[in-house]
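Below: the structure, in structure tokens.
The values are calculated or read from the model by the stated rules, or taken from the named source; none is laboratory data. Quick caveat, the model's predicted, so the values are computed rather than measured. Every residue, glycine among them, receives a Cβ derived from its backbone with ideal geometry; neighbour counts consider all protein chains shown. SASA here: full protein model, heavy atoms, side chains in, ligands and nucleic acids out. Shrake-Rupley method; radii C 1.70, N 1.55, O 1.52, S 1.80 Å.
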Number of protein chains: 2
Amino acid sequence: MATVAELLQPVEADLEALLSDLRSLIGAGHPILQAAAEHLFSAGGKRLRPGIVLLISRALAPDGELSARHRRLAEITEMIHTASLVHDDVVDGASTRRGVDTVHSRFNHRVAVLAGDFLFAQASWHLANLDDLEVVKLLSRVIMDLADGEVRQGLFRYDTGQSFETYLEKSYCKTASLIANSARAAGVLSGLAESQLDALYRFGRQLGLAFQVVDDILDFTGSDQQLGKPAASDLASGYLTAPALYALQERPALAGLIEREFSQEGDLEQALELVRGSEAIPRSRVLAEGFANEAREALTWLPASECRSALLALPEFVLSRLY
Amino acid sequence: MATVAELLQPVEADLEALLSDLRSLIGAGHPILQAAAEHLFSAGGKRLRPGIVLLISRALAPDGELSARHRRLAEITEMIHTASLVHDDVVDGASTRRGVDTVHSRFNHRVAVLAGDFLFAQASWHLANLDDLEVVKLLSRVIMDLADGEVRQGLFRYDTGQSFETYLEKSYCKTASLIANSARAAGVLSGLAESQLDALYRFGRQLGLAFQVVDDILDFTGSDQQLGKPAASDLASGYLTAPALYALQERPALAGLIEREFSQEGDLEQALELVRGSEAIPRSRVLAEGFANEAREALTWLPASECRSALLALPEFVLSRLY
């Protein structure tokens, strides 16, 4: 099984240039923002989102070359993603992300608000200057979905009556929308036909959903160290994801523990046992596999290239985090 | 001298509809955001920014009627302004604004981040759907300027070496850009020629600068009650505005007090005396009057109407807050 570094190898140099651009763009002239930018855009992250935009852009170019506008689109994608993470960490009160201090815990919440706003503002400015109204609409939809998803997530905390649909909509808003709409936007900049744009969108959407479900499974199966945050932290915070929602169907006793917000000694451990002892994890895995397969199938029409191979291998890579 | 309510009377019904729209748009389906929206968009505020967009829009229409797109532009203007206030209050740690609790002190900083992001996101989405790339560029420039101004303001705190130019640039970014670019955008939606668009921009820019200088003077001359925040709070926080910068030219002793961040007993009072005993306040007044006159002159070409009269009286109204 390929690693993410292997999959992104065709665009590795592009990604390095992009991160270097972002560091200088955000930090320029402001020591605190500079420190936040170093913290946010240092090496180490997977950069899957701009990586996907870059792979698609190169896969669509007859000569495999990247246009300045496609490069900018990848940057905008990463700016929006990062801005949203920085603010969400403030809203959720998260102190670490992937084992690294969040901006508001490393600096303070004022710097986090400022850095996030600055990133959103830069993204919005560069977006307008791509000079393509369709692309502006796609990415502004993403910004709206991200805010909407964060609101929904807060709204349904500890709500055992929420539908599976609610969970999928939240996952679309918070994770899949950015990948789907930026994939489509890359196609718009390449002048593709509507049916191909739809396929790019579908690839991003299903991949994003697979990614989110896998993340949600790992919250139950991973160790603190693997996750870079405390295990089962979603459940403990009242965010009910695929495993919890499936388990609720099998184990009605789980609802009581969640509804009293794990307020009694041992509640959380008991809830975890109920989830792990049910079919919830295997069922979630099947769900993720379905999304991953649909993602792969959506892009088989791409002309043969190194980038196409990487894109088609991505859904399998997303699933491989489970093994 | 006319009151602001009298000046905005031609668009009073429009403004009420706009606030009602914004309350339902932001709060829909989320109890906490609903409360924040009620707090932000309740009656009482001056709503000068959307008021100006509405006055210009009606002044430019042959029949004085308002198009749906002009109405939407006014809403977007108010959303961006409010989002920026809510986040700036977090960044600046301000607990009241015009005598009312800020969102983060009334609720908490998480709600403030979320409400601001939601407003920015809605603004960006509605902006894209105005379907005019030039308008998208103008307003995304505003969003960028607002973030940039907030960064600059933090950067130059207690910096007695900053130029007057730096202060004016910061004031442009934080106050004038929104009024200038939204005035121009109203003209774009009305299909005006470039020279008229420039005039609308200039009106908004000079009015915004006049407004900011007046605000900065009032920080030195107003009482706590008039200001709705502690008097001289800008100076105390190290934000050096026109009066402080003029006073520094006349009273070199002021620099030492500022540079040690008023750390010794009586420093702030002594600094205030130095400013008030200098020509700084009269000179700041002359500066504001110059901007106000330029704003008025920029719009004399408008065809006669109730809205034109209100627009031409606005600069004088801004100055009247000083008397």
#### Entry: Contacts under 9 angstrom Cβ, first residue in the stretch A:29-42 being in contact (Cβ under 8 Å) with a residue 60 or more places away in the chain, partner of a type in the set (S, T, Y) and surrounded by fewer than 23 Cβ atoms within 10 Å (Cβ to Cβ), 6 or more apart
A:A37/A:S24
### Query
Consider B:D101 against the criteria (1) surrounded by 19 or more Cβ atoms within 10 Å (Cβ to Cβ); (2) charged (D, E, K, R); (3) over 29 Å from B:Q206 (Cα atoms): it satisfies all of them except one. Which criterion is unmet?
(1)
### Task
Filter the stretch B:107-117 down to residues that are open to solvent by 10 Å² or more (accessible area, probe 1.4 Å) and at the interface with another protein chain (Cβ under 7 Å from one of its Cβ atoms), then give me how many there are.
4
### Task
Please specify each residue of the stretch B:112-171 satisfying the condition of being hydroxyl-bearing (S, T, Y) and not in a loop (DSSP other than H, G, I, E, B).
B:S124, B:S140, B:T166, B:Y167, B:S171
#### Entry: Complete set of residues in the stretch B:26-45 that are within 14 Å of another protein chain (Cβ to nearest Cβ), surrounded by 17 or more Cβ atoms within 10 Å (Cβ to Cβ) and assigned to a helix (DSSP H, G or I)
B:I26, B:G27, B:I32, B:L33, B:A36, B:A37
### Summary
Flagged in the stretch A:136-159 as at the interface with chain B (Cβ under 7 Å from one of its Cβ atoms) and within 22 Å of A:G256 (Cβ to Cβ), in numbering order, are A:L155
### Query
Is at least one residue of the stretch B:190-203 touching a residue at least 60 places away in the same chain (Cβ under 8 Å), out of contact with any Asp or Glu (no Cβ under 7 Å at 6 or more places or on another chain) and within 23 Å of B:D92 (Cα to Cα)?
no
### Task
Return the only residue of A:F220, A:F164, A:F211 being touching a Pro at 6+ places or on another chain (Cβ under 6 Å), touching a residue at least 40 places away in the same chain (Cβ under 8 Å) and farther than 23 Å from A:E134 by Cα.
A:F220
### Query
Any idea which residue in the stretch B:118-174 is farthest from B:A242 (Cα to Cα), counting only those that are touching a Lys or Arg at 6+ places or on another chain (Cβ under 8 Å) and open to solvent by 50 Å² or more (accessible area, probe 1.4 Å)?
B:N129
## Note on the structure
Restricted to the stretch B:46-87 and to residues being outside any helix (DSSP H, G or I) and open to solvent by less than 40 Å² (accessible area, probe 1.4 Å), the residue modelled with the lowest pLDDT is B:G64
#### Entry: Single condition A:K170 does not satisfy, out of (1) farther than 20 Å from A:L312 by Cβ; (2) in contact (Cβ under 8 Å) with a residue 24 or more places away in the chain; (3) in contact with a helix residue (DSSP H, G or I) (Cβ under 8 Å, 6 or more places away or on another chain)
(2)
### So A:R184, is it open to solvent by 50 Å² or more (accessible area, probe 1.4 Å) and touching a helix residue (DSSP H, G or I) at 6+ places or on another chain (Cβ under 6 Å)
no
### Summary
Residue count, the stretch A:189-225, condition in a helix (DSSP H, G or I), surrounded by fewer than 19 Cβ atoms within 10 Å (Cβ to Cβ) and of a type outside the set (D, E), comes to 6
### Query
Among the residues of the stretch A:295-323, how many are in a helix (DSSP H, G or I) and farther than 19 Å from A:G187 by Cα?
7
### Summary
Matching residues in the stretch A:248-271 (surrounded by fewer than 18 Cβ atoms within 10 Å (Cβ to Cβ) and either hydrophobic (A, V, I, L, M, F, W, C) or within 14 Å of A:I217 (Cα to Cα) (or both)) number 3
### Message
As an exercise: evaluate A:I179 against (1) surrounded by fewer than 20 Cβ atoms within 10 Å (Cβ to Cβ); (2) in contact (Cβ under 8 Å) with a residue 60 or more places away in the chain; (3) under 25 Å from A:E289 (Cβ atoms); (4) among the β-branched types (V, I, T) and give the number of the one condition it does not meet.
### Response
(1)
### Summary
The one condition A:L155 fails out of (1) touching a Cys at 6+ places or on another chain (Cβ under 7 Å); (2) over 30 Å from B:D148 (Cβ atoms) is (1)
### Query
Quick check: anything in the stretch A:62-73 over 25 Å from A:D198 (Cα atoms) and among the hydrophobic types (A, V, I, L, M, F, W, C)?
no
